[in-house]
Amino acid sequence: MDEIRRWRHVFKLDPNKKITDDALTAVCESGTDAVVVGGTDGVTLDNTLNLLARIRRFSLPCALEVSDLEALTPGFDFYFIPSVLNSADRDWIIGHQHSAVKDMADLINWEEVVAEGYCIANGDAKAAELTEACTDLSMEDIRAYALIAEKLFHLPIFYLEYSGVYGDPDVVEDISGYLNETQFFYGGGIRSREQAAEMARFADTIVVGNAVYDDLKQALKTVKAVKKS
């Protein structure tokens, strides 16, 4: 976890989306601190392994955000296990996690496992639909989830996810004032260096995902913007 605490910028790559070798090289040699592999739908063992093999040509940390046990494979530096705190479905809070540990307890290297307390704030996101997330949230609601992540559950990461839309900087600023031990990840809608720098003023780690596929040139600029902030 000490290494993850030094991450200021990460790119999130979806195994179910195509990325050229040139684009992947640009991402991995951009100066980002790490690459997280994960997606909401269409994630399989085959496309996860393919992306992992391509990323492993480069010397940067690589984490798998586990959304489907069928795609779980050795070879990653870390395994992020999300628990969607604002889900209405028990399975996405503790059910899937319980099943995985029950089946594979003897195979797990706990030094590589990192728990994430997720709060999905965009109701139109695929992730919100899949997990039945309750996204009609006030600032006080999100703050409470952040405090639960740190003070009650002692989770290493609190991940505020707007998934495709740019979130409210005031909310991100507010949350940053309450998290001292838990690493604060922000992800969602960052498509320019200005947006990256704005959110990096408050969050510990900025996650850039969709921009890699929509506008790679702008996505690459977010690295330097975050490192300068």
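At-a-glance table
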item	result
Candidate values [x] 1.16; [y] 0.94; [z] 1.01, label of the one derived for Cα Rg over 2.2 N^0.38 Å	[y]
Lys pairs, the chain - Cα-Cα below 26 angstrom, 8 or more residues apart or on other chains	17
Other-chain or far-sequence residues with amide H under 5 Å of residue 121's (modelled H)	161, 162
Summed side-chain charge close to residue 8 - residues other than residue 8 whose Cβ falls under 12 Å, Lys, Arg +1, Asp, Glu -1	+4
Nearest-0.05 FRET efficiency for residue 70 and residue 108, computed from C-beta distance (R0 25 Å)	0.90
Of all accessible heavy-atom area on segment 159-228, the percent that carbon and sulfur account for (1.4 Å)	41 percent
Accessible surface, per residue, of segment 73-229 when the full set of protein chains is kept, probe 1.4 Å, Å²	49 Å²
Mean separation of Cα contacts under 8 Å (6+ apart) over length of segment 153-193, as relative contact order %	60 percent
Length-normalised contact order of the chain in % [C-alpha pairs under 8 Å, at least 6 apart]	19 percent
Over the chain: helical MRE at 222 nm, DSSP H runs n ≥ 4 each giving -39500 (n - 2.57), nearest 500	-9500 deg cm²/dmol
Antiparallel bridges, percent of DSSP beta bridges restricted to segment 104-229 (to nearest 5)	0 percent
At least 18 Å along the helix axis (C-alpha) and Kyte average at least -1.0, DSSP helices within the chain	216-228
Coil-residue GluC sites (Glu not before Pro) of segment 20-129, DSSP, other Cβ within 10 Å capped at 14	29
Residue 113 long-range amide H proximity, modeled H, under 5 Å	79
Antiparallel bridges, percent of DSSP beta bridges restricted to the chain (to nearest 5)	5 percent
Accessible heavy-atom area order of 165, 35, highest first, probe of 1.4 Å	165, 35
Cβ-placed point charges (K, R +1; D, E -1), dipole of segment 74-182 about Cα centre in debye, nearest 20	240 debye
Accessible area of segment 1-151 belonging to carbon and sulfur atoms, whole % at 1.4 Å probe	50 percent
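The values are calculated or read from the model by the stated rules, or taken from the named source; none is laboratory data. If you're wondering where the values come from, they're calculated on a predicted model, not measured in any experiment. Counting neighbours? That spans all protein chains shown, and the Cβs are built from the backbone with ideal geometry, glycine included. With ligands, DNA and RNA removed, areas are computed over all heavy atoms of the protein, side chains included. Shrake-Rupley method; radii C 1.70, N 1.55, O 1.52, S 1.80 Å.
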